[in-house]
C-alpha cells in the first residue's frame, strides 16, 4: 500500500519523516503542493490521531491505483460540492434559518429520518416567493475548495459525474449546466403562482434513492461498483457511499467519517486527484 498525505499548508519534513517511520515506508515522494506519497507503507494505530492533530489528511491506497481506473464519480451537493445547505439559506429569506438548520443538522447526523425532515423543513417555506431561490444561487452558493480542479481532471480522464441530492432541482440543474456535469437527480419544490407551497413533488430523494440512482447510472455506463467513487458528508449519503468501490467523507459528520474509506477533513475536493495518483 501507499500512504497518501495531504494538507492545505506546508507539512514539516519532521512530520513526514515521523509518519514514514511509523508506517515503515520504503520511500517518500512529493507528488503535489503539500501532498506526499509514502511508498510501501503499512498501517499503524498512531497514524490517524497524529494526522488529525497536525491537520493532515491521509489514506492508504493500493499501489498502482489511478484516476483512470474509475468511470463515475457521484457527489452529494449541499456542503459537499457546494459550501451551503440550500434549504437553510432559502429559509433565511423567511427569517426561519435557525429552525430549519436545526432540523437539517439532526438529519445529517442521522437522528431524524431524512424524508420526514425534508417535509418538515419545506413546509416552513410555504408562501416564499420563488425569486428567493435565484437569490440564494447568485448571492450565497459557492463551490467548495478544489471542486473545479477536480471536475476538470475528471473530464480529462473521461470520468462521468453524477450530482445526486436530497436538495432541489432548481440548484442541481443549474450546477449541472454551469459545470458540465453528466447527470443530476434531486427533489422538485412545488411552486404555484410564483410562491412555494411548502410541498415537494413526487417521491423524495432520500438515502435509498441516492443509492438507487448511483446504481442506475453505473449500470447505464456498464461499470462495476469498483469503478465508482462516491463523495458525501451526511448520514443521508451513507447508503449511496456503500454502493461505490471508493467512498470519501468530505468535511463530514462523525458517523460518515467512521464508515467511509477515506475522510477529507482539511483539504479540498481536489484531494481526490492526489489520492488516486498511485
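Here are the numbers:
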| read-out | value |
| --- | --- |
| Residue match in segment 40-56 (condition: touching a helix residue (DSSP H, G or I) at 6+ places or on another chain (Cβ under 6 Å) and more than 23 Å from residue 256 (Cα to Cα)) | yes |
| Close pairs from segment 170-195: first touching a residue at least 40 places away in the same chain (Cβ under 8 Å), partner surrounded by fewer than 14 Cβ atoms within 10 Å (Cβ to Cβ) and assigned to a helix (DSSP H, G or I), Cβ under 8 Å, at least 6 apart | 194/131 |
| Test: residue in segment 99-113 that is surrounded by 19 or more Cβ atoms within 10 Å (Cβ to Cβ) and out of contact with any helix residue (DSSP H, G or I) (no Cβ under 7 Å at 6 or more places or on another chain) | no |
| Hits in segment 44-54 - residues which are free of Cβ contacts under 8 Å to residues at least 12 places away in the same chain and not in a helix (DSSP H, G or I) | 45 |
| Those residues of segment 261-278 which are assigned to a loop (DSSP other than H, G, I, E, B), modelled with pLDDT of 95 or more and within 17 Å of residue 245 (Cβ to Cβ), in sequence order | 261 |
| Residue match in segment 136-145 (condition: within 22 Å of residue 197 (Cα to Cα), in contact with a helix residue (DSSP H, G or I) (Cβ under 9 Å, 6 or more places away or on another chain) and at pLDDT 95 or above) | yes |
| Qualifying positions in segment 236-251 - more than 11 Å from the chain's Cα centre (by Cα) and in a loop (DSSP other than H, G, I, E, B) | 243, 244, 245 |
| Test: residue in segment 178-186 that is out of contact with any strand residue (DSSP E or B) (no Cβ under 9 Å at 6 or more places or on another chain), outside any helix (DSSP H, G or I) and surrounded by fewer than 19 Cβ atoms within 10 Å (Cβ to Cβ) | no |
| Residue 166 part of a strand (DSSP E or B), in contact with a helix residue (DSSP H, G or I) (Cβ under 9 Å, 6 or more places away or on another chain) and at pLDDT below 95 | yes |
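The values are calculated or read from the model by the stated rules, or taken from the named source; none is laboratory data. Keep in mind that what you see is a predicted model, and the values were worked out from it rather than measured. We place every Cβ from the backbone using ideal geometry, glycine too, and count neighbours over all the protein chains shown.
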